Structure formats: structure tokens, C-alpha cells
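*Asks:* Before I ask anything, here is the structure I am working with.
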Amino acid sequence: MSEDHPTRRGIETVAHLAQHVAEVLTDDSIILCVGNDICGDDGAGPAVARRIAGKVRWRVLDVQTVPESFLMKVVAAKPDVVMIVDALDFDAEPGAVELLASDAVTGQGPSTHGPAPIAFLDLLNMMHPCRRVILGIQPVTGDFGEAMTPAVAKAIDFVAEALALASEQGHQAHAHDHGDDGHSHHGRHAHGHEDHTR
């Protein structure tokens, strides 16, 4: 495929997405999965939550379409990073996956259920400044009563596998940072990256 293809393809391999996630999320991160199970591809976020809950080292919250209801819980946890997983229209091929800084989508309201996740992240930044990222899955349909499309169902498998791999890589990095003496050397790999979203 040529580089100037008019439709974005997103992140194309599990390993590539896992690498990006591992670089962004610290141990003290929260994943918020947003969406509506009865509105076709808009159910992508909750579907990811069900796949990864208890299987990754980060706290996972299935917030459906009301992330604002979880705002004080997130603020109280004081996370380093908050990542939203959501069906997001970023003009890509159906089922494409992208990891975006929240600033890249703020104000555009591209979610299939309106600007709620973006507004939530803006409010969160006022109450607890932290790094905010969005893992977006390109939807086909978000209409009430529609079934999820095969492209998005496949993307959910892709995202869940990548998050599990990133979590496993993070565990290995954390063990390495403790060194042979069993004491922490405070060198978590994720902290080596500048936070440009603050």
C-alpha cells in the first residue's frame, strides 16, 4: 500500500500497539472503557473491558456512556495516566486502531456517542492533571439496535491481545528494574518518555 493512501490504516500489528501502550502506561494507570453495548460498534469499549478485566496490571473500568459518573473515583486514585478505549471516528478503515493524545481530538467530539469522553478528559485535567490518551477503534455503525460489525469485533480481539502483551512486558520490565538484589532502582521504562499532554 502506498503511503499516500487516502484512508488511514491505523496501528497494524499487536506487537506495535503493545509497544506503544507499554511506553505510555505506568503501573499507576487507569483504563476507562466507554461505549454502549446495544448500539453496534459503539459497544467496542465495554467489549474490551470484558476481555481484559483481571488480565492486565492496570485498573479497568467499564463506564458505558457515562464516564463523568466515575470522575471522582478516578481523581481519588491519582493515576499517572488515564487511557480511554472507545469507538472513535478518525477517518480510517473500519476496525482500524489508533493511540492518540487527548489533545489531538479535544473539541472535535468524534466519539460515536458524542463529546462525553473528550469533555470528561478535559474536566479530569482540571481536577487531576495527568497524561490522557485515547485508544480509538474506527467504527462502521453506532445505530441503536445494530449488531457489531465483523471489522470492529476483530479490532476488539486485536486490542485485548495487545493490552495483555503490554501488561506482560511491563511486569518483565518492573522485575528487571528491581535488579538482582530485590530492591527497586526506580527506572520504570515508561517513565523515560516525556509527557507532552500536560
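*Asks:* Could you figure out which of (1) outside any loop (DSSP other than H, G, I, E, B); (2) crowded, with 16+ Cβ neighbours inside 10 Å; (3) at pLDDT below 95 isn't true of S69?
*Replies:* S69 satisfies every listed condition except (2).
*Asks:* Could you go through segment 167-186 and let me know if any residue there is of a type in the set (S, T, Y), in a loop (DSSP other than H, G, I, E, B), at pLDDT below 80 and within 22 Å of W58 (Cβ to Cβ).
*Replies:* There is at least one residue in segment 167-186 that is of a type in the set (S, T, Y), in a loop (DSSP other than H, G, I, E, B), at pLDDT below 80 and within 22 Å of W58 (Cβ to Cβ).
*Asks:* How about segment 125-160: which of its residues are free of Cβ contacts under 8 Å to residues at least 60 places away in the same chain and buried (at least 22 other Cβ atoms within 10 Å of the Cβ)?
*Replies:* I134, G136
*Asks:* Turning to a different aspect of this structure: Do we find a residue being modelled with pLDDT of 90 or more, assigned to a helix (DSSP H, G or I), closer than 22 Å to D41 by Cα and touching an Asp or Glu at 6+ places or on another chain (Cβ under 7 Å) anywhere in segment 110-118?
*Replies:* No, the conditions are met nowhere in segment 110-118.
*Asks:* Give segment 35-59 a look and list any residue that's within 14 Å of V159 (Cα to Cα) and of a type in the set (V, I, T), or say none.
*Replies:* Those that are within 14 Å of V159 (Cα to Cα) and of a type in the set (V, I, T): V48, I52, V56.
*Asks:* Sticking with this structure for a sec: Is it true that P139 is part of a loop (DSSP other than H, G, I, E, B), in contact with a strand residue (DSSP E or B) (Cβ under 7 Å, 6 or more places away or on another chain) and at pLDDT 70 or above?
*Replies:* yes
*Asks:* If you take the residues in segment 28-54 that are crowded, with 24+ Cβ neighbours inside 10 Å and β-branched (V, I, T), which one is modelled with the lowest pLDDT?
*Replies:* This residue is V34.
*Asks:* Quick one: which of V105, V81, V85, V74 is of a type in the set (A, V, I, L, M), modelled with pLDDT of 85 or more, surrounded by 15 or more Cβ atoms within 10 Å (Cβ to Cβ) and closer than 20 Å to D41 by Cβ?
*Replies:* Only one candidate passes the filter, namely V85.
The values are calculated or read from the model by the stated rules, or taken from the named source; none is laboratory data. These numbers were taken from a predicted model, which means no experiment stands behind them. Cβ coordinates were reconstructed from backbone atoms using ideal geometry, including for glycine residues, and neighbour counts include every protein chain displayed.
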